[in-house]
1. Once you wrap a convex hull around the alpha carbon atoms of chain A, what is its projected area averaged over all directions, in nm²?
2. Give me the accessible area buried between chains A and B, both sides summed, with a 1.4 Å probe, in Å² rounded to the nearest 100.
3. Based on C-alpha coordinates, I'd like the Rg and Dmax of the stretch A:69-112, in Å.
4. Just to confirm the filter: which trypsin sites (Lys or Arg not before Pro) across the stretch B:62-113 are DSSP coil and have at most 14 other Cβ within 10 angstrom of their Cβ?
5. With a 1.4 Å probe and every protein chain left in place, work out the accessible area per residue of chain A in Å², rounded to a whole number.
6. Mind checking A:41-49 for the average number of partner chain beta-carbons within 10 Å of each residue's beta-carbon?
7. List, largest first, the extents of the alpha carbons of the protein assembly as shown along their principal axes, each in whole Å.
8. Averaging the inverse of every distinct alpha carbon separation and then flipping it gives the Kirkwood radius. What is it for the stretch A:1-54, in angstrom units?
Amino acid sequence: GQQVMQIPQYQHVQEGEDFTTYCNSSTTLSNIQWYKQRPGGHPVFLIQLVKSGEVKKQKRLTFQFGEAKKNSSLHITATQTTDVGTYFCAGHGSSNTGKLIFGQGTTLQVKP
Amino acid sequence: DGGITQSPKYLFRKEGQNVTLSCEQNLNHDAMYWYRQDPGQGLRLIYYSQIVNDFQKGDIAEGYSVSREKKESFPLTVTSAQKNPTAFYLCASSIAFGGYEQYFGPGTRLTVT
């Protein structure tokens with residue numbers, strides 16, 4: 001079945017350093033979503049990408065969707081302690097059962 | 001305030017007992033979902049409902065059951081047949097089924113001993 005792989009599993013950075021997490025799907029995706037889960041919290045929707053090669057920015061966060069619509073990345077510039085949490089990508093397959101398939105998540109720790 | 005509520009936040013049960021987790025939403029969303037989260041893993045889909053009075057099995061439905069008698073409510077029962085029930089359970093909803101953002105409740109942490 002469709003799988004979404006996310007790397008790295010963990011990342012520790014010094015405050016002010018950049019951070020990137022990568023997401024790869026075994027099949028073409030119709031769209032990809034990104035969620036953030038703070039420690040002890042629940043996932044919160046960040047953004048959805050739909051078009052091939054799409055790039056979207058939210059302040060220090062940059063999201064990309066690959067040309068083949070099989071991979072995506074989230075890049076955070078100049079991390080802050082408020083960025084701590086687990087970032088999940090989640091994709092809808094192009095065959096579109098409608099189900100969202102989540103990656104394993106990347107847990108970000110930021111040292112002040 | 002619109003949102004999704006789950007209760008209780010923590011739940012402890014003895015092995016062999018069925019337990020029902022509550023999920024209520026006042027967002028007027030048609031679709032609702034139950035996910036299970038284990039450490040180091042992503043969210044895995046247990047059951048989903050596209051519309052009231054309808055639901056389908058997700059990827060890990062064995063040992064679980066659901067009902068969707070009202071649009072606002074989607075309770076999950078963890079039965080004694082679930083081999084490893086201790087986990088963090090998250091309920092979510094979306095305006096419709098398919099490529100829409102999902103809104104998550106605060107979750108219920110179930111511990112079975």
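The values are calculated or read from the model by the stated rules, or taken from the named source; none is laboratory data. Everything numeric in this text was worked out from a predicted model, so none of it was measured. Cβ: placed from backbone, ideal geometry, glycine included. Neighbour counts: every protein chain shown. Accessible surface areas use protein heavy atoms only, side chains included; no ligands, DNA or RNA. Shrake-Rupley method; radii C 1.70, N 1.55, O 1.52, S 1.80 Å.
1. 6.5 nm²
2. Interface area, both chains combined: 1600 Å², rounded to the nearest 100.
3. Spelled out, the Cα radius of gyration and Dmax of the stretch A:69-112 are 13.7, 44 Å.
4. Answer in residue order: B:Lys83.
5. 47 Å²
6. Average per residue, whole number: 5.
7. Principal axes ranked by extent give 48, 39, 37 Å for the Cα atoms.
8. The Cα-based Kirkwood calculation yields 13.4 Å.
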